[in-house]
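The values are calculated or read from the model by the stated rules, or taken from the named source; none is laboratory data. This one's a predicted model, so the numbers in the text were calculated from it and none came from an experiment. We place every Cβ from the backbone using ideal geometry, glycine too, and count neighbours over all the protein chains shown.
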Amino acid sequence: MKRAIFDDDHEAFRASVREFVERSVLPHAEQYAEDKGLPRDYWLEAGKQGLLGLEVPEAFGGAEANDFRFNAVLAEELSKVNAALPSCTGIHSDIVAPYLVELTTDEQKARWLPRFVTGELLTAIAMTEPSGGSDLAALKTTAVRDGDEWVINGSKTFITNGWSADLVVVAARTSPEKGAKGITLFAVETGTEGFTRGRKLDKVGQSESDTAELFFADVRVSDAQVIGEVDRGFISMMERLPQERLSCAVSNVAHAKQILLETIDYAKDRQAFKQPIGSFQHNKFLLAELVTRIESIEAYVDAAVLAHTKRELTAIDAAKVKWLSSQVQNEVLDHCVQLHGGYGFMNEYRVARAWRDARVTKIWAGSNEIMKELIGRDLGL
Ligand SMILES: Cc1cc2nc3c(=O)[nH]c(=O)nc-3n(C[C@H](O)[C@H](O)[C@H](O)COP(=O)(O)OP(=O)(O)OC[C@H]3O[C@@H](n4cnc5c(N)ncnc54)[C@H](O)[C@@H]3O)c2cc1C
């Protein structure tokens, strides 16, 4: 079905992202997986191409597009390569960007945004802790006032870009007695004494992304590192999680769609019993169903992208597209593996990697259970 949300400007931008992917990403894609992370050159090239500052004001070198359809185009094109690229890139340009653009002082903007846009200042966001991620309000990392400084102690885990980020947005408890209303966001930068990282975590999929544990031992930061208002961090995160979940939904669909299209080609080519496997009625009907399911979830996510462009996307709508798109993605990719037979279980096949890569999308950015909890609460249950 023809999609109706993109205009000529978005398609021109898509062409430039594709050019970037072909020139600067595809030749190195295998290396990223071996290195368990993206090299700085990836970020610098993306910066040169103007891909990292879509939401950043022009005054600081960004595109100031303020139209999430451009973010969606970027996520879609990167998702066609693998699932880790849109995740790492999206953490920086879709997820951290709003914190650094909307909550910062002019001095902080001038200090961070120009290098954020060029890829010289890579970012991550650290909410999850070893003791739990779903119950964000229960986080244990503390930031205690000492003179005119804050002293941060605690640890975070599963942090995307955590190993390579130059600046990490860290959620810490500043007023223990105030529960969710006592959390503040801090920018902790590489080189700050007491801030260390563990190894790159060994994941089941998405080897191209670096995911790390972070440790804070008496890390001292000044007020110049506080992002937004003291004790308002939880609300700041809740306000920005819908964009994170929408970004995930866009990638979920584009990633599954790409592999499905490749599987259709495979089913036309691969022979069994002297005929293409796709011509058996079971497989033909299955592929017909999968294409229909992908097109319907794509239309649903497109509607959410458009709503977000108009600033109308609710947290509940974002939860709905996040859980459903990750569920559909996983189901579609499981069928794609099956259609590839034994090759579908070989790591050298894209379909096998895509299937492994997709599993986490039902867990991260708020697990699907938490998404349903939010939706259920909204139903008055
Ligand atoms: C590859 C990867 C990258 C990530 N990147 C980041 C990142 O960049 N920054 C960051 O802060 N975090 C990141 N995360 C963390 C991720 O958001 C958390 O893993 C997720 O929120 C779940 O938290 P948890 O792992 O502590 O699971 P838990 O909270 O321990 O949950 C365990 C299980 O219990 C279920 N559960 C919990 N509460 C309920 C409930 N009320 N009702 C029903 N079921 C419930 C959960 O759905 C889950 O199935 C990443 C995780 C991974 C795996």
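Residue-level analysis places Glu262 among those that are in contact (Cβ under 8 Å) with a residue 60 or more places away in the chain and part of a helix (DSSP H, G or I). Filter the stretch 134-149 for residues that are of a type outside the set (A, V, I, L, M, F, W, C) and part of a strand (DSSP E or B); which is nearest to the ligand (Cβ to nearest atom)? Only one residue fits best here, namely Thr142.
Tell me which residues, restricted to the stretch 1-30, are within 29 Å of Ser207 (Cβ to Cβ) and loosely packed, with under 13 Cβ neighbours inside 10 Å.
Ala15, Glu19, Glu22, Arg23, Leu26, Pro27, Glu30
Pick from Glu76, Glu102, Glu58, Glu120: which is more than 20 Å from Ala165 (Cβ to Cβ), in contact with a helix residue (DSSP H, G or I) (Cβ under 9 Å, 6 or more places away or on another chain) and acidic (Asp, Glu)? Among Glu76, Glu102, Glu58, Glu120, only Glu76 is more than 20 Å from Ala165 (Cβ to Cβ), in contact with a helix residue (DSSP H, G or I) (Cβ under 9 Å, 6 or more places away or on another chain) and acidic (Asp, Glu). No other residue among Lys268, Lys310, Lys274, Lys257 is among the basic types (Lys, Arg) and surrounded by 14 or more Cβ atoms within 10 Å (Cβ to Cβ) apart from Lys257. Condition (residue is over 27 Å from Ala352 (Cα atoms), at pLDDT 95 or above and within 13 Å of the chain's Cα centre (by Cα)) applied to the stretch 97-110: is it met by at least one residue? Yes, the stretch 97-110 contains at least one residue that is over 27 Å from Ala352 (Cα atoms), at pLDDT 95 or above and within 13 Å of the chain's Cα centre (by Cα).
The set of residues from the stretch 153-182 being β-branched (Val, Ile, Thr) and either touching a His at 6+ places or on another chain (Cβ under 8 Å) or within 13 Å of the ligand (Cβ to nearest atom) (or both) comprises Thr157, Ile159, Thr160, Val168, Val169, Val170. For the stretch 183-204, a residue qualifies if it is buried (at least 19 other Cβ atoms within 10 Å of the Cβ) and either in contact with a helix residue (DSSP H, G or I) (Cβ under 6 Å, 6 or more places away or on another chain) or more than 25 Å from Gly37 (Cα to Cα) (or both), and the qualifying residues are Ile183, Thr184, Leu185, Phe186, Ala187.
Within the stretch 322-337, one or more residues are in contact (Cβ under 8 Å) with a residue 40 or more places away in the chain and over 22 Å from the mean Cα position of the chain (by Cα). Has the stretch 265-272 got any residue that is charged (D, E, K, R) and in contact with a His (Cβ under 9 Å, 6 or more places away or on another chain)? Yes: the stretch 265-272 contains one or more residues that are charged (D, E, K, R) and in contact with a His (Cβ under 9 Å, 6 or more places away or on another chain).
Going by what's in this entry, would Glu312 be described as outside any helix (DSSP H, G or I), out of contact with any Phe, Trp or Tyr (no Cβ under 6 Å at 6 or more places or on another chain), farther than 20 Å from Gln206 by Cα and without any contact (Cβ under 8 Å) to a residue 60 or more places away in the chain? Here the answer is yes, as Glu312 does meet what is asked. Among the numbered conditions (1) surrounded by fewer than 18 Cβ atoms within 10 Å (Cβ to Cβ); (2) not in a helix (DSSP H, G or I), the only one that Glu107 does not meet is (2).
Of the residues in the stretch 344-368, how many are away from the ligand (no atom under 16 Å from the Cβ), in a helix (DSSP H, G or I) and within 18 Å of Leu290 (Cβ to Cβ)?
4
Within the stretch 116-133, the only residue that satisfies the criterion of being more than 8 Å from the ligand (Cβ to nearest atom), in a loop (DSSP other than H, G, I, E, B) and within 16 Å of the chain's Cα centre (by Cα) is Leu122.
Restricted to strands (runs of 3 or more DSSP E) entirely inside the stretch 169-250, those with at least 3 residues that are among the hydrophobic types (A, V, I, L, M, F, W, C) are 183-189, 211-222.
Residue-level analysis places Gln49 among those that are in contact (Cβ under 8 Å) with a residue 12 or more places away in the chain, polar (S, T, N, Q) and surrounded by fewer than 24 Cβ atoms within 10 Å (Cβ to Cβ).
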